[in-house]
Amino acid sequence: MKHQNRFRNRQQIGILDDCRFRIIILAMLMLIFLCVLIFRSYYLQLHHGEEHRAKIAKQSIRRIRIPGRRGNIYSADGVVLAGNRTIYDLVFYPEGMREGGGIRRTADAMARSAGKLSGVIGRTEYPGKEDILRHLHISPGMPLTVFPDLNLKEQALLFEAARDMKGMELQSSVQRIYPQNKLAAHIIGYARKAEASTAEDREEFFYYQPDTVGKAGIEAVCDRLPETIGIRSEGLGLRAYPGRQVVQISNVGFVRKELLGKVEPVHGNNVYLTIDSRAQKIAENLLEGKVGAIVVLDADNGDIICSATAPAYDLKEFTPRLSPEYYRSLLNDPGKPLINRAAGGIYPPGSTLKPLVCLALLKAGIDPKETVFCSGSYDVLGTTIRCLAHRYTEADVDMETALEKSCNSYMINQSLKAGFPGIAAMLKHAGIGSRTGVEIGENSGSFPSPEAKKKAYGIPWNDVDTALLSMGQGFISMTPLQLARYAAAMCNGGKLYRPHLIYKVSDRFGEDLFYREVKCDSELDVSPEQLAIVRQGMFRVVNAPRGSGRRAKSEHLTIYGKTGTAEVGSRNNRRNITHFIAFTSYRLRNYAIAVTVEDGAGGGTTCAPLALQFFERFLRPQKDAGNQDKEI
């Protein structure tokens, strides 16, 4: 028995020793694991602490982008063509309307508040629960616009109704506006909110409020000035420099508090155009119901006084956003109102080219007193070309008479004698086929050349092409802006100034950052005497009893001009492109004009009266010299 007890005791001691051993092993493993944890924590803290702190900060701190106010666009006489309007929106701040129980309960509360307030002001459109939930998931730290652009009555009603409601505010914002509606629409262009997802600085901000950016016209050209018109300064364009704000948010995304100071945006600069608003209105009114363009230049510096295109579009329909219905109506309009015909429409110049051709004839040695017999038509290589100037009579015609009555026979005969190369050289000097350099988009037109004909038709240049060119038809096209520039050169002694739409740029404090530079790009290669001969012919166009542009004769102004009618289209679908170019002087200023009307009766019948009406309405000269000081 004793032996058995002794064995049993030894067995129990063995079991206890085995348990102790296991406990010791387990404790050692736990100690080793704890040491590894301590070492790992120490390592991460020492070597990666800054990285983890930055990640935590990134999760709790949000950078908000604050857009600034876009600069204004003014006419030369100080009329606001593009500006900004302060509007007031009712916004909900999610962090101030937060409900216990999660985002859905907060969305329910916000939706109930919106519904209640809609009944107060009578608005039926406002964000529903799903819209609110989408906002809370995407940008819970940003206010939600519930009722935009409130009028004064709505503001007063909401102020009373929301007095005891938390998390609501009337917040001001800026909306781009075009107070003159259609006036100078093709020049001004339009601006709209940028696409945030493609913005260059999108990655810098968590909550991104985009700028209003220019999409066409001056709005686009002057959006960023240093990239467009070469300002050597740090001045901004029309687009502002954004501000910023840093906020701390809670674990569910609601703003907890603002950090650091709020950096206010720097507002955009103002752009002043060369356009005179009154001249622009007159020109657009004259084109009402027509398809065409009127361009008027200061002949002594290239400033564009007006540039009207018809039909036009209404800029107020482009803000705050362009509706698909209105855009479709513009696309489907047969008059194609989106085209800027003044700088982008290309037309055969017709007989408005004849003064330039006459300068080439004089340069080639043609005697201006030499006459050509006109029987009402002229045959070239078996092709008969009509001359409407003498369709009922026959006459001997010299250069000045040929300009006065727009005689095709004279122009063809003398051009074939002088030769194509001399005419082409004169056209090149006049900038035909080249862009003028105006700030907004334009077409270059086409320059007449044997290479162009060979490429188009695979046949060489011949005398018929030269004959057509002498009349401003065939392988040549120009824009109304190019016609006006060439008319200005006929006025100022042969200088082709670069046309300008931008006169100056000023910052928000009124300090001028940029002035346009008057630049003469080229000069007509003629003598003053040769220019005087052609100018006298242009005087007779308007002021002679049988001049082709006699409907532009003024009792108060001395107007020089040239009519032009070009036929376009197939033989069974012919239509007229009619032109009139002219220049005049008033109060020590020289003005040049180009009028183009599609489907007109003729340059002298359709366009010359429009030029006369423009000059007399814009300049308003008085018969009584004593009253002139009361005018512009």
Just one of the numbered conditions (1) open to solvent by 20 Å² or more (accessible area, probe 1.4 Å); (2) of a type outside the set (A, V, I, L, M, F, W, C); (3) farther than 30 Å from V505 by Cα is not true of P349; which one?
(1)
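Looking at I249, is it modelled with pLDDT of 90 or more, at negative phi and of a type in the set (A, V, I, L, M)? Let's see the steps before the verdict.
Details: modelled with pLDDT of 90 or more: no; at negative phi: yes; of a type in the set (A, V, I, L, M): yes.
Here the answer is no, as I249 does not meet what is asked.
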Just checking, how many residues over region 155-193 are open to solvent by 30 Å² or more (accessible area, probe 1.4 Å), more than 28 Å from M97 (Cα to Cα) and outside any strand (DSSP E or B)?
5
Test T436 against the stated conditions and say whether it is assigned to a helix (DSSP H, G or I), within 43 Å of the chain's Cα centre (by Cα) and among the polar types (S, T, N, Q).
no
Which strands (runs of 3 or more DSSP E) does region 313-394 wholly contain that include 2 or more residues that are closer than 24 Å to I581 by Cα, in contact (Cβ under 8 Å) with a residue 60 or more places away in the chain and basic (K, R)?
none
Give region 584-605 a look and list any residue that's within 24 Å of G302 (Cβ to Cβ), free of Cβ contacts under 8 Å to residues at least 40 places away in the same chain and among the aliphatic types (A, V, I, L, M), or say none.
L588
Could you tell me whether any residue of region 62-79 is buried (at least 18 other Cβ atoms within 10 Å of the Cβ), among the charged types (D, E, K, R), at pLDDT below 85 and part of a strand (DSSP E or B)?
yes
What strands (runs of 3 or more DSSP E) lie completely within region 485-537 and have 1 or more residues being touching a Leu at 6+ places or on another chain (Cβ under 6 Å), of a type in the set (A, V, I, L, M) and open to solvent by less than 70 Å² (accessible area, probe 1.4 Å)?
502-506
If you go through region 292-312, how many residues are assigned to a loop (DSSP other than H, G, I, E, B), in contact with a helix residue (DSSP H, G or I) (Cβ under 8 Å, 6 or more places away or on another chain) and open to solvent by 10 Å² or more (accessible area, probe 1.4 Å)?
2
Can you confirm whether I593 is over 30 Å from R239 (Cα atoms) and part of a strand (DSSP E or B)?
yes
Yes or no: region 126-137 includes at least one residue that is open to solvent by less than 40 Å² (accessible area, probe 1.4 Å) and in a strand (DSSP E or B).
no
Whichever residue in region 539-574 is surrounded by 14 or more Cβ atoms within 10 Å (Cβ to Cβ) and hydroxyl-bearing (S, T, Y) and, among such residues, is farthest from N590 (Cα to Cα)
T565
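For (1) closer than 30 Å to E616 by Cα; (2) modelled with pLDDT of 75 or more; (3) out of contact with any Asp or Glu (no Cβ under 8 Å at 6 or more places or on another chain), each residue gets a yes or a no:
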| site | (1), (2), (3) |
| --- | --- |
| R192 | no, yes, yes |
| A216 | no, yes, yes |
| Q245 | no, yes, no |
| R256 | no, no, no |
The one condition in (1) under 26 Å from E203 (Cβ atoms); (2) loosely packed, with under 12 Cβ neighbours inside 10 Å; (3) modelled with pLDDT of 60 or more that T86 fails to fulfil:
(1)
Has region 378-390 got any residue that is closer than 25 Å to M478 by Cα, open to solvent by less than 20 Å² (accessible area, probe 1.4 Å), among the small types (G, A, S) and in contact with a helix residue (DSSP H, G or I) (Cβ under 7 Å, 6 or more places away or on another chain)?
no
Could you list, in sequence order, the residues of region 395-405 that are without any contact (Cβ under 8 Å) to a residue 60 or more places away in the chain, surrounded by 17 or more Cβ atoms within 10 Å (Cβ to Cβ) and charged (D, E, K, R)?
D398
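The values are calculated or read from the model by the stated rules, or taken from the named source; none is laboratory data. Computed from a predicted structure; not experimentally measured. We place every Cβ from the backbone using ideal geometry, glycine too, and count neighbours over all the protein chains shown. In case anyone asks, the SASA skips ligands and DNA or RNA and just uses the protein heavy atoms, side chains included. Shrake-Rupley method; radii C 1.70, N 1.55, O 1.52, S 1.80 Å.
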